[in-house]
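Below: the structure, in structure tokens.
The values are calculated or read from the model by the stated rules, or taken from the named source; none is laboratory data. On a predicted model such as this, the values are computed, not experimentally measured, just so you know. In this analysis, Cβ positions are derived from the backbone assuming ideal geometry, glycine residues included, and neighbour counts consider all displayed protein chains.
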Amino acid sequence: MERKHESALSSRQLPAFSEKSRSSIARRVWRHWQFYVLILLPMLYILIFKYIPMFGVIIAFKDYNVVQGIWGSPWTGFKYFEQLFQAPFFWQYFRNTLAISLYGLVVNFPLPILLALALNEIRNGFFKKSVQMVTYAPYFISTVVIVSILIVNLSPNVGLVSNLFRVLGMEPIDFMGNASMFKSIYVFSDAWQFMGYNAIIYIAALSGVNPELYEAAKVDGATRLQKMINIDIPSLIPVMSILLILSVGSTMSVGFEKIYLMQNPLNQYASEVISTYVYKVGLLNSDFSFSAAIGLFNSVVNFVLLVVVNLISKKVSSNSLW
């Protein structure tokens, strides 16, 4: 009887508690409605342009026809994935994508950190602001303009570099036509364009370091290098871990626009990557199902890399995305 009475009492109290909690949530939302409105637009953007288009991956398993539509097109199973893995040049494009991404990660990941550490040590305000402006400015230049600058300056006929070679008595080199140099040109031009902008988040993290740590290190007689190693770098490790996970998670997503603009028949062996291959197969040849299969495979590889690196980071440094 007592148990029945307790269960009946709890069942009567539960709706009252639920109603109270709902009213509390409603009051909280109403009190801070401005913040929810600000969140609404990004959430709609992600929903409309990121999640809803995921429905389109179904055409990777169909023989898609524009007239029949997605649902009317016949199922083909894994036909296009088999075709993908048997394609003669696919693995070459896969290796190019992986090589460019890893090369870029090795070069471009530490450079913003080094720049942030160097700017953090500068005491001259005018010089510091000048360096920041010079390093940030390339980020706001259009990719088309960046590639145009590269093509003009690296031209074997009228390029600045070629003229410098002639002055030194050396033969000019066709950099953009040399397949072995393509990866280095792409990666280091990216470093010039994005290094200053990517350093902002590290500079922000360094600005939050407790000044008392620097004062204590100064009292102990620590040099600038020792302060950097023992205070600055440990303070950046959480941010570095998260950004490294995100960078590895987009390893296979090499920028299409810049690579496509830099391509020419002479360097295509080293410059053809999965994103340009999808464009040429899917849009130029109108083979939408095959291109969807390529894109889905690319996304799965990125997802697996993201999960693996996240687990490794969680075990090694206790920093992770989830």
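Quick notes
- In the stretch 209-257, residue surrounded by the most Cβ atoms within 10 Å (Cβ to Cβ) [restricted to those that are more than 15 Å from the chain's Cα centre (by Cα) and touching a residue at least 60 places away in the same chain (Cβ under 8 Å)]: Asp232
- Condition check for Gly221 on (1) of a type outside the set (Asp, Glu); (2) in contact with a Lys or Arg (Cβ under 7 Å, 6 or more places away or on another chain); (3) outside any helix (DSSP H, G or I): one failure, at (2).
- Count of residues meeting criterion [buried (at least 18 other Cβ atoms within 10 Å of the Cβ) and either over 14 Å from Asn108 (Cβ atoms) or among the acidic types (Asp, Glu) (or both)] in the stretch 175-189: 3
- Failed condition for Val273, given (1) surrounded by 19 or more Cβ atoms within 10 Å (Cβ to Cβ); (2) free of Cβ contacts under 8 Å to residues at least 60 places away in the same chain: (2)
- Failed criterion for Val304 (all others in (1) free of Cβ contacts under 8 Å to residues at least 40 places away in the same chain; (2) under 30 Å from Gly177 (Cα atoms); (3) assigned to a helix (DSSP H, G or I) hold): (2)
- Near pairs, Cβ below 8 angstrom, 6+ apart or cross-chain, from the stretch 115-136 (in the same structural domain as Ile229 (by TED's automatic domain parsing) and among the basic types (Lys, Arg)) to any residue that is surrounded by 13 or more Cβ atoms within 10 Å (Cβ to Cβ) and assigned to a helix (DSSP H, G or I): Lys128/Leu119
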